[in-house]
1. With an 8 Å Cα cut-off and a minimum separation of 6 or more residues, compute the relative contact order for the chain in percent.
2. If you take the beta carbon distance between residue 224 and residue 114 as r and set R0 to 45 Å, what does 1/(1 + (r/R0)^6) give as a FRET efficiency, to the nearest 0.05?
3. How far is it, in nm, from the label point at residue 178 to the one at residue 156 when both lie 7 Å from their Cα along the line to the Cβ?
4. Taking the chain as the reference, fit the longest principal axis to its C-alpha atoms, fit the long axis of helix 25-37 to the helix C-alpha atoms, and give the angle between the two in degrees, 0 to 90, nearest 10.
5. Normalising by the residue count of segment 107-264, find the relative contact order in percent from Cα pairs under 8 Å and 6+ residues apart.
6. Could you state the angle between the C-alpha long axis of helix 60-69 and the longest principal axis of the C-alpha atoms of the chain, as a value from 0 to 90 degrees rounded to the nearest 10?
7. Determine the shape class of segment 89-141: with a ≥ b ≥ c the square roots of the Cα gyration tensor eigenvalues, call it rounded for a/c under 1.5, and otherwise prolate if a/b is greater than b/c, oblate otherwise.
8. Extension gain residue 42-residue 213, at 0.36 nm per residue separation less the Cα-Cα distance, in nm?
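Taken together, the values in this text are just the output of simple stated rules run on the coordinates, not laboratory data. In this text, all values refer to a predicted model and were calculated from it rather than measured experimentally. Here the Cβ positions follow ideal geometry from the backbone for every residue, glycine too, while neighbour counts run over all protein chains shown.
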């Protein structure tokens, strides 16, 4: 009778590489944020760095921003621009998230006829909704098209839920009727009040920063392509990234000195 060959010994499992485990950059940035908040506001320099090599165009940052700030139709603080490059059939797409650039020399501030757009001590360009008259001069002045106008639209426009006496009308639209906490205040759009009729824009989620939490776009980025922190902290992640040789800013020829940087 033929002998049965012995079963081959299975290969040993691959060993994990030595060294400390790689931590999520969000953990590091969160610790750096708390360190920055312990300093006087004048000593901080909030910057955002976006790694275009990691951005996959998923728009999670856009959706996270919309949900965080209860944005209505037509108002987007952080769109993701897309471009097709190459020649068919060798084509691909590249993506560029475009929040407000938070310029150190913002043209939107000087053009506002009532001074509603201001440069805060934190360096963030803000809009005083109660002072804005809706002239939209700042929308035209922004070189990055980073401002939108709240015309009062609703996701429920034209639906049965908005009809008088409709079943569930009171509960419908609770998302849009819930207050947004921009600039540290509770803003309700119900009844045509501000920010309806105002210019609106990204503000680096100042209300979250005040609570010691990173901006919504940073925490929702699935590829960890968005970094945020204090560039005046030499040990911070953003300070090291801003010093990279492959860093660039949009439209530097405009002389706006933006606080949003991109890695190519």
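1. Contact order relative to length: 30 percent.
2. 0.65
3. For residue 178 paired with residue 156, the spin-label model returns 1.4 nm.
4. 40
5. Relative contact order for segment 107-264 comes out at 17 percent.
6. With both axes taken from Cα atoms, the answer is about 40 degrees.
7. Prolate shape, in that a/c is at least 1.5 and a/b is the bigger ratio.
8. The span from residue 42 to residue 213 would gain 59.6 nm if fully extended.
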